[in-house]
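Let me begin by presenting the structure, written as structure tokens, before commenting on it.
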Amino acid sequence: MKTQPVESDHVDLTAVPRDALAICERLRSSGKRAWIVGGCVRDLLVGRPVSDWDIATDARPKDLLRIFPRAIPTGIDHGTVTVLAGGQSYEVTTLRGDGTYSDGRRPDWVEFVDDITADLARRDFTVNALAVDPLDGSLIDPFHGRLDLQGRLLRAVGDPRERFTEDGLRVLRAARFVATLELTLDPATESAIGQTLDTYRKVAAERVRDEWVKTMKARLPSRAFDVMRRTGILGITCPELLEGVGMEQNKWHAFDVWRHGLECMDACAGDPVLRIAALLHDVGKPRTRAWSDAGDDYTFYDHDRVGAEIAEPIAARLRFSNEDRARIVALVRHHLFHYSKWTDAAVRRWVRRVGPTRVDDLYVLNAADARAKGRPHQADLDALIQLKAHVARVLAEGAALSTRDLKVDGRDLMRELGIRPGPVIGEILDALLEAVTTEPSVNEPVALIALARAFLERESGQGKE
């Protein structure tokens, strides 16, 4: 939902935490000045909830540690300490001007200054180059960020090429803000992105991943990915996604592979990792597209398996945790299913195959996939509702979904069958699980041991042949 910024030159301080104002007051009582600065001011102006509050001051770092002896020197070389108050962290930073950025991330040196305008001049975008005087709520806006908010425009402070050359991550932040703040990218600012991608290449994968995750909190994260595609950012970060641009699908889809992925991500109501899986769910389609046997439309046989093989190195490249990487890959691998009056055994096999912990994610992903086709999709959603009910019933009946659910274990098999530890134990348990999946009533010790004995005899007979 879009919000409109206020037009006043003052900010309502009642929304600022009392602890933040108390920190400013403590600085003033020590003969220093302080301001509320940055993105929190932007969010105050447009009525968005604020999660992080930043304070700028003319106090030098040694003064900060004297005034706040318990502060954490989180970035003391660059003038930043973290003050804990009321269970919340507040970054307090000395006003500064930055030197050169040889690594495309941090300034090689900083020069502490006394002028709030000079400090705001080093920030990335005009909508972030804002400050509020905590004494009277007056807005300090030397680069017309408030007007840009009113015009829903994202514009770099000063020369965008200089801003993007200083910190390579800023081009990706530009894309994110287009989505999360629902702004339009200023043409000159967008043009500068393509000219500074060499600096972006220096950005650590972890920082890129974090921006992707933050982007997924937008109502329409596709806005950011459209910027990434247009400007060349995505060609560096994830060129695999570009293979779907302009790639026509079939009669079931109104969009090309690229747009379908974006629409699916937007429609996916879930956490950031689930939405990233939605973005990648059809990444295997461009490499599997072929004409159907009838020669009248495209098919994408095995694109779920191929997509999982492509998604794994993407997730690894972006430094996702092992848990998140496994989740993304599993969802891409198992996203393709079509329910139509499956038997109970088929439902149990499906849950076993995808994993019980992935079922709820797959429901959300499947619904988003259906909505993202750009075609009538109510039948798909109705089928999903039927599948949910069927799975719930089967699980309520106590379906065995892994060998741990069997009423015998390896020790039982060794004792009853007189066999020694080895791979055969796992083979027997797998065979028993398949038997129980087909007919749950055999999940009893006597019946399972009889089946295990028959399995051994059958395998022994085949070995003699």
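Remarks
- Test: residue in region 297-304 that is assigned to a helix (DSSP H, G or I) and either within 20 Å of the chain's Cα centre (by Cα) or without any contact (Cβ under 8 Å) to a residue 40 or more places away in the chain (or both): yes
- Boolean, Gly235 is of a type in the set (Gly, Ala, Ser), surrounded by fewer than 15 Cβ atoms within 10 Å (Cβ to Cβ), out of contact with any Gly (no Cβ under 6 Å at 6 or more places or on another chain) and part of a loop (DSSP other than H, G, I, E, B): no
- Residue tally, condition surrounded by 18 or more Cβ atoms within 10 Å (Cβ to Cβ) and of a type in the set (D, E, K, R), over region 121-161: 8
Residue-by-condition table, conditions (1) in contact with a strand residue (DSSP E or B) (Cβ under 9 Å, 6 or more places away or on another chain); (2) assigned to a helix (DSSP H, G or I); (3) of a type in the set (Phe, Trp, Tyr):
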{"residue": "Gly168", "(1), (2), (3)": "no, no, no"}
{"residue": "Val171", "(1), (2), (3)": "no, yes, no"}
{"residue": "Ala174", "(1), (2), (3)": "yes, yes, no"}
{"residue": "Gly194", "(1), (2), (3)": "no, yes, no"}
{"residue": "Leu220", "(1), (2), (3)": "no, no, no"}
{"residue": "Val245", "(1), (2), (3)": "no, no, no"}
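- Test result for Val178, closer than 16 Å to Leu234 by Cβ and in a helix (DSSP H, G or I): yes
- Residues of region 205-215 include none that is in a loop (DSSP other than H, G, I, E, B) and crowded, with 21+ Cβ neighbours inside 10 Å.
- Of the residues making up region 377-424, those that are charged (D, E, K, R) and within 26 Å of Ala447 (Cα to Cα) are Arg393, Glu397, Arg404, Asp405, Lys407, Asp409, Arg411, Asp412, Arg415, Glu416, Arg420.
- Test: Asp266 is closer than 23 Å to Asp380 by Cβ, part of a loop (DSSP other than H, G, I, E, B), out of contact with any strand residue (DSSP E or B) (no Cβ under 9 Å at 6 or more places or on another chain) and acidic (Asp, Glu): no
- A count restricted to region 372-426 and to residues that are among the small types (Gly, Ala, Ser) and part of a helix (DSSP H, G or I) stands at 7.
- Some residue of region 215-228 being out of contact with any Asp or Glu (no Cβ under 6 Å at 6 or more places or on another chain) and either within 20 Å of Ala330 (Cβ to Cβ) or assigned by TED's automatic domain parsing to the domain that holds Gly374 (or both): yes
- Any hit, region 253-272, residues being closer than 19 Å to Glu206 by Cα and either exposed (fewer than 15 other Cβ atoms within 10 Å of the Cβ) or not assigned by TED's automatic domain parsing to the domain that holds Ala218 (or both): yes
- Subset of region 335-346 that is surrounded by fewer than 21 Cβ atoms within 10 Å (Cβ to Cβ) and either farther than 20 Å from Leu401 by Cβ or touching a Gly at 6+ places or on another chain (Cβ under 9 Å) (or both) - its residue that is modelled with the lowest pLDDT: Lys341
- Among the candidates Ala22, Ala56, the residue that is modelled with pLDDT of 90 or more, aliphatic (A, V, I, L, M) and not in a strand (DSSP E or B) is uniquely Ala22.
- Residue within region 354-375 that is surrounded by fewer than 18 Cβ atoms within 10 Å (Cβ to Cβ), among the small types (Gly, Ala, Ser) and at positive phi present: yes
- Pairing residues of region 273-284 that are more than 14 Å from Leu362 (Cα to Cα) and in the same structural domain as Trp258 (by TED's automatic domain parsing) with residues that are surrounded by fewer than 24 Cβ atoms within 10 Å (Cβ to Cβ) and not β-branched (Val, Ile, Thr), at Cβ distances under 6 Å and at least 6 apart in sequence or on separate chains, gives Val283/Glu240; Gly284/His303.
The values are calculated or read from the model by the stated rules, or taken from the named source; none is laboratory data. All figures in this text were calculated on a predicted structure; none of them were measured in a lab. Reconstructed Cβ throughout: ideal geometry from the backbone, glycine too, with neighbour counts over all protein chains shown.
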